[in-house]
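The values are calculated or read from the model by the stated rules, or taken from the named source; none is laboratory data. Just so it is clear, the model here is predicted, and its values are computed rather than measured. Methodologically, a virtual Cβ is constructed for each residue, glycine included, from the backbone with ideal geometry; neighbour enumeration extends over all protein chains shown.
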Amino acid sequence: MTAERVYVHGMTHVDADMWTLPWRGLGLSSNLSTADVPQPYRLLDASPGLFDYVEYSAPLSLEEAKAHASLFPEMWRRRADVPVLFHPVHLNLWGPELEPASALAELDAHARTVGSPWVGNDVGWWHVGGQPFPGYLYFTPPFNAAGLADCAAHALHVQRHLSMPLVLENPAVLARRGEWHVLDFMSRLHARTGLPLLLDLGHLFSHQLSAGLPLEAGLDGFPLDQVIEIHLAGGVVTRRGSRQFYVDDHTQPVREELFELLESLLPRCPSLRAVTFEGDGHPPEVVMVSLRRLRRLVPASERPPLTLRTPRDLTVPTLTGESRPWELFDAGHGATPATSVEDEEGTLADRDFRLAVVAEVLDREWPLTRLLVAGTGESLAAFTGSPEYRGLFGGTGRSLGQVFSKWAMRRLREHPDEGASAALAVEMLLPTLFLRPVPSPGPGQVGLAEDVRPGALPADLSELVFAARAVRRHLTARAWACGSLELSGLESLAQVARRPGQGPWSFLVRRRGGAHEVLTVAPALAEWVRKLASRPMSVEEAPPALLAEAQGRGLIRWG
């Protein structure tokens, strides 16, 4: 499968001149979580031959992947019949620091253990010290000599530690930086490193739209004979000002232009070994439509192995830092003006996407506080441009939610009139309610559901909980109708936050997928649920009306 290697002090050295890569065919991507759709192995059980392999994303460490990927045991059992490709997306191929040798040793061991014949990754800056950027939204390097030099240093450094080829994927592009076309940049990176290429069609579309170019521009001079894998995924075309942008979002439908581009490229890529559909978030009945269409383009068949020459020189050049990754980080998060870097409009489009992802992540944990203190793009950028947010990437071990709460507390000290203190207090309380387990009901008993807990506060925030949902629903509906989000409507929410009702207030909280949802209920139901948290009770002693309501709202479980 791979060239022979000799391991000396944790470093790999080429001992043979060739890599031999098997044919993989058509594949489906996965994060190897039973909670995600589509679930690749259920699809294959229902439709054998629908695709040939699974390409999965996971941490570099095999042990960490086993601990976090709930589908890992099934992947491991079935890998002889359903081969895998490891696409880590935790791997920096640009950025201010090279990956630690220890992390790359874990990557190599991981890929060798699962039998991945190569490791592919987008050429970008993914993380700082192991802390990924929210939503795994990496930063794309500038397409110029400085960006090329730093990316080549990263790629060669990684390859020196791998037993299999590192395959370089063209990154997604919103902001135009540097004077080269992305395909020219990738061609030069291949020439500098000798490493094979992965062509992501959606990422290519993103560059072409941002630059105002036809979809196939630049392909004639691109070394398609070095492309061993192609990615196809969904995305959205959006407009900002006079420009169009392609937002790489795998949960969206695949654009028709990309299906057509794939069909035209397949006969032009003689070294192609794999075509991966990145169908993350598509339900089974939907992903099957796309896979059946792709199966006609990439039929199930065996092809002879491909032999590639290994790079002759794996000398790692000095990482110069002249491509200025931290400057792009600051501009991309609002810490500095978009005018401080190249392509102001593209930088603002990139910032919008990042802020949307940050807001989505925060809304799982801090939905009330986020709307009150960071409900607008300006206030959200005040958070992402803050020292607290920058500290997330300083090796503190804090989560995004933890640094947000720290920033929110500082903001409320500086702006006490915003009235979000009560909201912050209740949302800080919610996770602590689950520290104490609830007893399981026995036969003939009813008990509290495992994902529900009672809570109480001295101030009544039931109006605020209701208002947050009502305002969000109203503003979203108006945005769909008029094409813009009227954020001045958040003032009514701020008014409600400044007038909490008299307590005490009893409420319920439900935990779903790491998020906490506050449920407002009548006092009688809240008190009965509070008793269930201490002890289950027989069905006969449960008040029939409360029992029926609790069952209808999914608050209880039966013995």
Q. Quick one: in the stretch 1-31, which of the residues that are among the charged types (D, E, K, R) and part of a loop (DSSP other than H, G, I, E, B) is modelled with the lowest pLDDT?
A. Glu4
Q. Within the stretch 154-176, is even one residue in contact with a His (Cβ under 8 Å, 6 or more places away or on another chain) and among the β-branched types (Val, Ile, Thr)?
A. yes
Q) If you go through the stretch 247-256 one residue at a time, do you hit one that is in a helix (DSSP H, G or I), touching a strand residue (DSSP E or B) at 6+ places or on another chain (Cβ under 9 Å) and assigned by TED's automatic domain parsing to the domain that holds Val167? A) no
Q: May I ask you to say which residue of Val446, Val496 is outside any loop (DSSP other than H, G, I, E, B) and over 30 Å from Glu541 (Cβ atoms)?
A: Val496
Q: Identify, by number, the condition in (1) part of a helix (DSSP H, G or I); (2) within 27 Å of Leu189 (Cα to Cα); (3) not basic (Lys, Arg) that Pro317 doesn't meet.
A: (1)
Q.
If I filter the stretch 297-326 down to residues being over 33 Å from the mean Cα position of the chain (by Cα) and under 16 Å from Ala152 (Cβ atoms), which single residue comes out as surrounded by the fewest Cβ atoms within 10 Å (Cβ to Cβ)?
A. Arg312
Q. Can you tell me which residues in the stretch 548-559 are in contact (Cβ under 8 Å) with a residue 60 or more places away in the chain and surrounded by fewer than 18 Cβ atoms within 10 Å (Cβ to Cβ)?
A. Gly554, Trp558, Gly559
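Let's see how each residue does on (1) out of contact with any Cys (no Cβ under 8 Å at 6 or more places or on another chain); (2) touching a residue at least 60 places away in the same chain (Cβ under 8 Å); (3) outside the structural domain of Val275 (by TED's automatic domain parsing); (4) under 28 Å from Gly27 (Cβ atoms):
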residue: Val128; (1), (2), (3), (4): yes, yes, no, no
residue: Val158; (1), (2), (3), (4): yes, yes, no, yes
residue: Leu162; (1), (2), (3), (4): yes, yes, no, yes
residue: Pro165; (1), (2), (3), (4): yes, yes, no, yes
residue: Ala172; (1), (2), (3), (4): yes, yes, no, yes
residue: Arg177; (1), (2), (3), (4): yes, yes, no, no
residue: Leu201; (1), (2), (3), (4): yes, yes, no, yes
residue: Glu216; (1), (2), (3), (4): yes, no, no, yes
Q | Flag if Pro96 is surrounded by fewer than 19 Cβ atoms within 10 Å (Cβ to Cβ), out of contact with any Gly (no Cβ under 9 Å at 6 or more places or on another chain) and within 30 Å of His207 (Cβ to Cβ) | A | no
Q.
Which numbered condition in (1) acidic (Asp, Glu); (2) touching a residue at least 12 places away in the same chain (Cβ under 8 Å); (3) in the same structural domain as Gly95 (by TED's automatic domain parsing) is the only one that Asp330 fails?
A. (3)
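One line per residue, one yes/no per condition, for (1) under 30 Å from Leu348 (Cβ atoms); (2) surrounded by fewer than 15 Cβ atoms within 10 Å (Cβ to Cβ):
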| site | (1), (2) |
| --- | --- |
| Ser187 | yes, no |
| His203 | yes, no |
| Val254 | yes, no |
| Ser264 | no, yes |
| Val275 | no, no |
| Asp280 | yes, no |
| Val286 | no, yes |
| Arg295 | no, no |
Q. Quick one: would you say Leu348 is of a type outside the set (S, T, N, Q), buried (at least 19 other Cβ atoms within 10 Å of the Cβ) and within 20 Å of Ala172 (Cα to Cα)?
A. yes
Q | Enumerated helices (runs of 4 or more DSSP H) restricted to the stretch 371-423, each holding at least 1 residues that are closer than 21 Å to Leu487 by Cα and more than 21 Å from the chain's Cα centre (by Cα) | A | 377-384, 400-414
Q) Applying the selection to the stretch 338-362, what residues are free of Cβ contacts under 8 Å to residues at least 12 places away in the same chain and either touching a strand residue (DSSP E or B) at 6+ places or on another chain (Cβ under 6 Å) or closer than 26 Å to Gly401 by Cβ (or both)? A) Ala356
(Q) Anything in the stretch 120-141 that is touching a Phe, Trp or Tyr at 6+ places or on another chain (Cβ under 9 Å) and either in a loop (DSSP other than H, G, I, E, B) or among the charged types (D, E, K, R) (or both)? List them, or say none. (A) Asp122, Val123, Gly124, Trp126, Gly129, Phe133, Leu137, Tyr138, Thr140, Pro141
